[in-house]
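Peer 1: I am attaching a structure below and will ask some questions about it afterwards.
The values are calculated or read from the model by the stated rules, or taken from the named source; none is laboratory data. Please read all numbers here as calculations on a predicted model, not as lab measurements. Here the Cβ positions follow ideal geometry from the backbone for every residue, glycine too, while neighbour counts run over all protein chains shown.
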Amino acid sequence: MGIIRKIKQKAESFYRQRIVCEQYPMLTPISRKKLQAEGAMGVVYMLHHIKEKNPQGIPTNEDLKVSPSFLDKIISKYEKQGFDFISLDELSEIISSDKKPERPFICFTIDDGYLDNYTQALPIFERHQVPFVIFAATDFIDHKAILWWDVIEELILKNDSIIIGGMHYPCHTFQEKWDAFRILRERILRFDQTKLEEELRKMFSHYDIDWYAPIRHQAMSWEQIKSISQHPLCTIGGHTVSHLALNKLDDNEFHREIADGIAKLQEVTEQTIYHFAYPYGSPNEIGEREYKLISEYHFKTVFSSYGGCISENNKHLTTHLPRVYLHER
């Protein structure tokens, strides 16, 4: 009986690893095999907007969107495949113990605090009774964040050419528009993040731009944050105050961004914030210094924006657990 039980356990383990890899839509066959070898257990998906895509939009921005129908379809697909949908508190228990989940799991996390999380995503998660997390940047909710990626997209899409910092960028074709967006995005990410508005106004001095227009229409209010935080399916997590690239800040600025953001969320929700996600969250914005500094806050989980599945080999990375963009193609 012992041999039969071991064979059964190995078969179940292989199935669990295989189904996680096969259902994870962004992996190549080589990546799937690698994750199987690493003991893949589940996926933490990262979303931003739950809204309809704009076919004429810049792909870099459109990749931040999944349509409500797509999210509904993805959840239904995983339900049929026998996945578990778990909260981050449940994930924390998994990664802090030697216990393996019986079935592959999915976590849904949504970054920033966009209004469509409340109006579009919540009804879908309610219908399926699926837990989810909103990592809220408090400047988004205060309507003080500069969504510069939306502003420059609008500028590029409306013009056949633009002049930025004395340089001319042709924007006649779609490819030229996308190229201009990517170049400007990289330049903006290298700015002194504490002087973002000043640098943007200097860079785009040829244009009369209301940098705060997008956030006034796209973000949740504090009343909505408080309301959704009381929903049994929703967890609110930290995402800093200003959504800045943290590796561009000194240690004191880093701590202000984390501590002030957490304090405001806890004041409004009257709940302890146990989970955190880095703004941007790629190796271009976070590294060993950021991991060391964030460890001082003793969050249960902290997430990057890359890295693939949660596996036996990476579940110890509690200061930068991996996530996966959920893309709609």
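Peer 1: Could you count how many residues in segment 195-227 are among the aromatic types (Phe, Trp, Tyr) and within 15 Å of Gly165 (Cα to Cα)? I'd like the intermediate steps shown before the answer.
Peer 2: In the first step, residues of segment 195-227 are kept if they are among the aromatic types (Phe, Trp, Tyr); the result is 204, 207, 211-212, 222.
The next check asks that each one be within 15 Å of Gly165 (Cα to Cα); those that pass are 204, 207.
Residues flagged as among the aromatic types (Phe, Trp, Tyr) and within 15 Å of Gly165 (Cα to Cα) within segment 195-227 amount to 2.
Peer 1: Of the conditions (1) without any contact (Cβ under 8 Å) to a residue 12 or more places away in the chain; (2) out of contact with any Cys (no Cβ under 8 Å at 6 or more places or on another chain), Ser161 clears all except one; give me its number.
Peer 2: (2)
Peer 1: A further question on this structure: Among the residues of segment 169-177, is there at least one that is touching a Cys at 6+ places or on another chain (Cβ under 9 Å), part of a helix (DSSP H, G or I) and in contact (Cβ under 8 Å) with a residue 60 or more places away in the chain? Break it down into steps so the answer makes sense when it comes.
Peer 2: From segment 169-177, those touching a Cys at 6+ places or on another chain (Cβ under 9 Å) are 177; that's our starting set.
Remaining after also requiring part of a helix (DSSP H, G or I): 177.
With the extra rule that they be in contact (Cβ under 8 Å) with a residue 60 or more places away in the chain, the set shrinks to 177.
Checking segment 169-177: at least one residue is touching a Cys at 6+ places or on another chain (Cβ under 9 Å), part of a helix (DSSP H, G or I) and in contact (Cβ under 8 Å) with a residue 60 or more places away in the chain.
Peer 1: For segment 236-270, how many residues meet the condition of being of a type in the set (Ser, Thr, Tyr), surrounded by 21 or more Cβ atoms within 10 Å (Cβ to Cβ) and closer than 24 Å to Ser92 by Cα?
Peer 2: Of the residues in segment 236-270, the ones of a type in the set (Ser, Thr, Tyr) are 240, 242, 269.
Now drop any that are not surrounded by 21 or more Cβ atoms within 10 Å (Cβ to Cβ), which leaves 240, 242.
Now restrict to residues that are closer than 24 Å to Ser92 by Cα: 240.
Total meeting the criteria: 1.
Peer 1: From the list Ile19, Ile3, Ile74, which residue is modelled with pLDDT of 65 or more and surrounded by 15 or more Cβ atoms within 10 Å (Cβ to Cβ)?
Peer 2: It is Ile74.
Peer 1: Quick test for you: out of Val133, Val151, pick the one residue that is part of a helix (DSSP H, G or I), of a type in the set (A, V, I, L, M) and modelled with pLDDT of 95 or more. Walk me through it before giving the result.
Peer 2: Numbers: Val133 fails: part of a helix (DSSP H, G or I).
Result: Val151 is the single residue among Val133, Val151 that is part of a helix (DSSP H, G or I), of a type in the set (A, V, I, L, M) and modelled with pLDDT of 95 or more.
Peer 1: Name the single residue that is surrounded by the fewest Cβ atoms within 10 Å (Cβ to Cβ) among those in segment 295-305 being closer than 20 Å to Ile94 by Cβ and touching a residue at least 12 places away in the same chain (Cβ under 8 Å). Walk me through how you get there before you give the answer.
Peer 2: The initial filter retains those residues of segment 295-305 that are closer than 20 Å to Ile94 by Cβ, namely 295, 298-304.
Checking which are touching a residue at least 12 places away in the same chain (Cβ under 8 Å) leaves us with 295, 299-304.
Numbers: Ser295: 12, Phe299: 22, Lys300: 17, Thr301: 23, Val302: 23, Phe303: 29, Ser304: 22.
For segment 295-305, the residue satisfying everything is Ser295.
Peer 1: Going residue by residue through segment 109-125, is there one that turns out to be over 22 Å from Ala213 (Cβ atoms), in contact with a helix residue (DSSP H, G or I) (Cβ under 6 Å, 6 or more places away or on another chain) and surrounded by 23 or more Cβ atoms within 10 Å (Cβ to Cβ)?
Peer 2: We begin by selecting, within segment 109-125, every residue over 22 Å from Ala213 (Cβ atoms); these are 109-110, 121-125.
From what's left, in contact with a helix residue (DSSP H, G or I) (Cβ under 6 Å, 6 or more places away or on another chain): 110, 124.
Next, from what is left, pick out any that are surrounded by 23 or more Cβ atoms within 10 Å (Cβ to Cβ): 110.
Yes, that holds for at least one residue.
Peer 1: While we're here: Output yes when any residue across segment 278-288 is free of Cβ contacts under 8 Å to residues at least 24 places away in the same chain and farther than 20 Å from Lys300 by Cα, and no when none is. Step through it out loud before you land on a result.
Peer 2: So the first thing to find is which residues in segment 278-288 are free of Cβ contacts under 8 Å to residues at least 24 places away in the same chain, and the list is 283, 288.
Filter once more, keeping what is farther than 20 Å from Lys300 by Cα: 283.
Yes, some residue in segment 278-288 is free of Cβ contacts under 8 Å to residues at least 24 places away in the same chain and farther than 20 Å from Lys300 by Cα.
Peer 1: Checking Leu246 against (1) within 22 Å of Ser87 (Cβ to Cβ); (2) at pLDDT below 95; (3) out of contact with any strand residue (DSSP E or B) (no Cβ under 8 Å at 6 or more places or on another chain), only one condition comes out false. Which one?
Peer 2: Failing condition for Leu246: (1).
Peer 1: Ok, one more. Do you know which of the residues in segment 178-209 that are more than 14 Å from Asn284 (Cα to Cα) and of a type in the set (Val, Ile, Thr) is modelled with the lowest pLDDT?
Peer 2: My answer is Thr194.
Peer 1: Here is a list of conditions, (1) modelled with pLDDT of 95 or more; (2) touching a strand residue (DSSP E or B) at 6+ places or on another chain (Cβ under 7 Å), and Thr119 meets all of them except one; can you say which number that is?
Peer 2: Only one criterion is unmet by Thr119, namely (2).
Table: residues versus (1) of a type in the set (Asp, Glu); (2) loosely packed, with under 13 Cβ neighbours inside 10 Å; (3) under 24 Å from the mean Cα position of the chain (by Cα); (4) in the same structural domain as Asn247 (by TED's automatic domain parsing).
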{"residue": "Leu184", "(1), (2), (3), (4)": "no, no, yes, no"}
{"residue": "Asp192", "(1), (2), (3), (4)": "yes, yes, yes, no"}
{"residue": "Leu196", "(1), (2), (3), (4)": "no, no, yes, no"}
{"residue": "Glu199", "(1), (2), (3), (4)": "yes, no, no, no"}
{"residue": "Phe204", "(1), (2), (3), (4)": "no, no, no, no"}
{"residue": "Tyr207", "(1), (2), (3), (4)": "no, no, no, no"}
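Peer 1: Could you run through segment 294-323 and say how many residues are touching a Leu at 6+ places or on another chain (Cβ under 8 Å) and of a type in the set (A, V, I, L, M)? I'd like the intermediate steps shown before the answer.
Peer 2: We begin by selecting, within segment 294-323, every residue touching a Leu at 6+ places or on another chain (Cβ under 8 Å); these are 300-304, 307-311, 314-315.
Next, only the ones that are of a type in the set (A, V, I, L, M) stay: 302, 310.
The total comes to 2.
Peer 1: Then there is this: Among Ile75, Ile106, which is more than 24 Å from Ile258 (Cβ to Cβ), assigned to a helix (DSSP H, G or I) and touching a helix residue (DSSP H, G or I) at 6+ places or on another chain (Cβ under 7 Å)?
Peer 2: Details: Ile106 fails: assigned to a helix (DSSP H, G or I).
Going through Ile75, Ile106 in turn, the sole match is Ile75.
Peer 1: Tell me which residues, restricted to segment 245-289, are in a loop (DSSP other than H, G, I, E, B) and under 25 Å from Lys226 (Cβ atoms). Steps first, answer last, please.
Peer 2: From segment 245-289, those in a loop (DSSP other than H, G, I, E, B) are 245, 249-250, 270-274, 278-287; that's our starting set.
Within segment 245-289, Glu270, Gln271, Thr272, Ile273, Tyr274, Tyr278, Pro279 qualify.
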